[in-house]
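Coordinate-derived values only; no laboratory data. Being a predicted model, the structure only gives us computed values, none of them experimental. Backbone-built Cβ (ideal geometry, glycine too); neighbour counts: all protein chains shown.
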Amino acid sequence: MESLYTAAARLARGEARAEELVSEALDRVAEREEDLHAFLTLLPESARDDAKASDRRRTAGQALGLFDGIPWAAKDNLLTEGVRTTAASKILGDYLPPYSATAVRRLDERGAVLLGKANLDEFAMGSSTEYSAFGPSRNPVDPTRVPGGSSGGSAVAVAAGMCQFALGSETGGSVRQPAAFCGVVGVKPSYGRVSRYGLIAFASSLDQIGTLTRDVRDAALVLGAIAGEDPMDQTASTVAVPDYLAAVEEGGRALSFGVPAEYLREGVAPEIRAEVERVAAALERDGLRRRDVSLAHTQYALDAYYIIAPAEASSNLSRFDGMRYGPRAEAQDLLEAYRRSRGQGFGPEVKRRILLGTYVLSAGYYDTYYLQAQRLRTLLRQEFLAAFEQVDFLLTPTTPTTAFRFGENTADPLAMYMADALTIPANLAGLPAISVPGRSSQGLPVGLQVMAPPMREDLMLAAAATLEEVAAR
């Protein structure tokens, strides 16, 4: 499928109609969905109606802009008014939200056509979509392998040509990691750059809504559409949103970059290390300046994350109790109703993280674990800020390995958690980060990650545009 930018240009020139774009997307869904399972809910009728309305606006000279008539997909933890939103959990199997997430609403207002709700790991807790209560998505490059997670369905929909772009969410790498596994571009904005209003919470100090697109230019367009302050979210930044498309078109050839040794350590596949070094050398040949930087606290990031994120999850998910949200199990008393409702409604990975989070917040362990993890988080952010005083951006692998096979890591939670080892630091530090496809390794996609200073998505996208060009050589 063509890029968002190309499709929008054809619509503007009258060379295509929105109804045709949506029909092509739905045909592609019909062709591949049974094998790939990218979606949990499809909206073919409303999508066709929205496309017809877009064509009428364009004919009347009232088009809403570049997104008008463009088909897209939303991860199923983003609320969509009147459309089933499950977070891939049985406990929300029939939930119909009374309002839409701010990011969804902003795309609706621009005339974008929602095709459906994409699959994910339950409550965004996972790295493969194997923890979806409704079955996993499959990697379109090799269906015997996982697409990554938790935004696996969103990445599959874009990579398989089912839509022009998709929204996902990130807590520890859930946009960038599936983007790397599926060979598309995934953006995690700075914390606060995109409103979290209407995103079903996992860990509120880490969660961010991100984008999945076919290229960096499309990423700039989608991020520009959803970013900005929001009175409904007090954590949304009031920092002005720059022209991201202009940053991409300008590129980043006058920039300096660092490749932290800690991101090329043992555990990162040799072919991925080689690809990072190949691209770094090509950037230098193109005139970018490489400098040595160190991020020593990176080795502790995974440990800190799996204290902070489960702690916040245990609090956020307490509302799903069969009384306020979710089906209520029959029981003799209130406590038993809670136990049965949550026991039947939550899957094993969600239960594992709730238990872990409750433990680290309990009396006697809060100071030992949670407080120490927060201190490490502060040190990690300070270390990143110090590095950005020396270089404009950081270049690293997105993931330690390429996409793994189904069942390979499900029996070992620690092995599964390691899939996010290189993405988690940016979440803890609140940085913007993007995964751009590199050269494939043995036929499987490889992701190259760019990290930039907080609220410098423009710099990140400029660097990523240059990286995208260099990596494709």
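Taking every DSSP beta bridge that has both residues in the chain, what percent is antiparallel when rounded to the nearest 5?
70 percent
At 7 Å along the Cα-to-beta-carbon direction for both Ala472 and Ala411, put a label point, then send me their distance in nm to one decimal.
Between Ala472 and Ala411, the simple spin-label model gives 4.3 nm.
Using +1 at the Cβ of each Lys and Arg and -1 at the Cβ of each Asp and Glu in the chain, identify which of Ser154, Ala387, Ser54 lies farthest towards the dipole's positive end.
Checking the options against the dipole of the chain, the answer is Ala387.
Looking at region 141-296 only, what percent of DSSP beta bridges run antiparallel? Nearest 5 please.
75 percent
Quick one: go through region 357-392 and flag any residue whose amide nitrogen is under 20 Å from the point 7 Å out along the Cα-to-Cβ line of Tyr95.
Only 357-358 fall inside the zone, counting backbone N under 20 Å.
Which of Thr398, Pro454, Ser127 sits closest to the plus end of the dipole of the chain, meaning its Cα is farthest towards the positive end, when Lys and Arg get +1 and Asp and Glu get -1 on the C-beta?
Among Thr398, Pro454, Ser127, the one farthest towards the positive end of the dipole of the chain is Pro454.
Through the Karplus equation 6.51 cos²θ - 1.76 cosθ + 1.60, θ set to phi - 60°, convert the phi angles of region 366-371 into ³J(HN,Hα) values in whole Hz; use x for Gly and Pro.
4, 5, 5, 10, 5, 5
Over region 94-194, what is the relative contact order in whole percent, taking alpha-carbon pairs under 8 Å and six or more residues apart?
RCO, region 94-194: 21 percent.
Show me the ranking of peptides 12-25, 150-163, 443-456 by mean Cβ neighbours inside 10 Å, starting with the highest.
Ranking the peptides 12-25, 150-163, 443-456 by packing returns 150-163, 443-456, 12-25.
Ranking Val222, Val268 by Cβ neighbours within 10 Å, fewest first, what do you get?
The most exposed by this proxy come first: Val268, Val222.
Using the Karplus equation 6.51 cos²θ - 1.76 cosθ + 1.60 (θ = phi - 60°), what ³J(HN,Hα) coupling, rounded to whole Hz, does each residue of region 52-66 give in order, writing x for Gly and Pro?
4, 5, 5, 4, 5, 4, 5, 5, 7, x, 10, 4, 7, x, 4
Would you pull out the residues with amide H under 5 Å of Ser441's amide H, same chain only if 5 or more places away, H placed 1.01 Å from N?
Excluding prolines and chain starts, which carry no amide H, the hits are Val446.
Please identify every one of the GluC sites (Glu not before Pro) in region 79-140 that sits in a loop by DSSP and has no more than 11 other beta carbons within 10 Å of its own beta carbon.
Passing sites in region 79-140 do not exist.
Collect residues whose amide H, placed 1.01 Å from N in the peptide plane, falls under 5 Å from the amide H of Asn119; neighbours closer than 5 in sequence don't count.
HN-HN under 5 Å from Asn119: Phe39, Leu40, Gly153, Ser154.
In angstroms, what radius of gyration and Dmax does region 83-199 have, counting Cα atoms only?
13.5, 38
For Phe404, what is the net charge nearby, where nearby means another residue's Cβ is under 15 Å from its Cβ and Lys, Arg count +1, Asp, Glu -1?
Once all neighbours under 15 Å are counted, the net charge is -4.
What's log10 of I(q)/I(0) for region 214-369 at q = 0.09, 0.21 Å⁻¹, Debye sum over Cα points only, no solvent?
Once normalised to I(0) and log-transformed, intensities are -0.60, -1.21.
Could you work out the relative contact order of the chain? I mean the mean sequence separation of Cα pairs under 8 Å and 6+ apart, divided by the number of residues, in percent.
Averaging sequence separation for qualifying contacts and normalising by length gives 17 percent for the chain.
Compute the Rg/Rh shape ratio of region 1-122: radius of gyration over Kirkwood radius, all on alpha-carbon atoms.
Here the Rg-to-Rh quotient is 0.99.
Tell me what the chain gives for mean residue ellipticity at 222 nm when only DSSP H runs of n ≥ 4 count, each as -39,500 (n - 2.57), the sum divided by the residue total, rounded to 500 deg cm²/dmol.
-12000 deg cm²/dmol
Can you work out the Karplus-derived ³J(HN,Hα) for every residue in region 289-297? Use 6.51 cos²θ - 1.76 cosθ + 1.60 with θ = phi - 60°, whole Hz, and x for glycine or proline.
9, 9, 10, 6, 9, 10, 10, 4, 7
Using a Förster distance of 22 angstrom, determine the FRET efficiency expected from the C-beta separation of Glu81 and Arg57, and round it to 0.05.
So, using R0 = 22 Å, E works out to roughly 0.60.
Starting from the Cα of Asp27, step 7 Å along the direction of its Cβ; do the same at Ala282; then give the gap between the two resulting points in nm.
3.4 nm
Given H placed on each backbone N at 1.01 Å, which residues far from Ser256 in sequence or on other chains put an amide H within less than 5 Å of it?
Arg289, Asp392, Phe393
How big is the Cα convex hull of the chain in projection, averaged over all directions, in nm²?
If you wrap the Cα atoms of the chain in a convex hull and average its projections, you get 21.6 nm².
Note the count of lysine pairs whose C-alpha atoms are less than 27 angstrom apart in the chain, limited to pairs 8 or more residues apart or on different chains.
Qualifying lysine pairs in the chain: 11.
Which ordering of Arg340, Arg196, Arg375 is given by a fewest-first count of other beta-carbon atoms within 10 Å?
Listing Arg340, Arg196, Arg375 from fewest to most nearby Cβ atoms yields Arg375, Arg340, Arg196.
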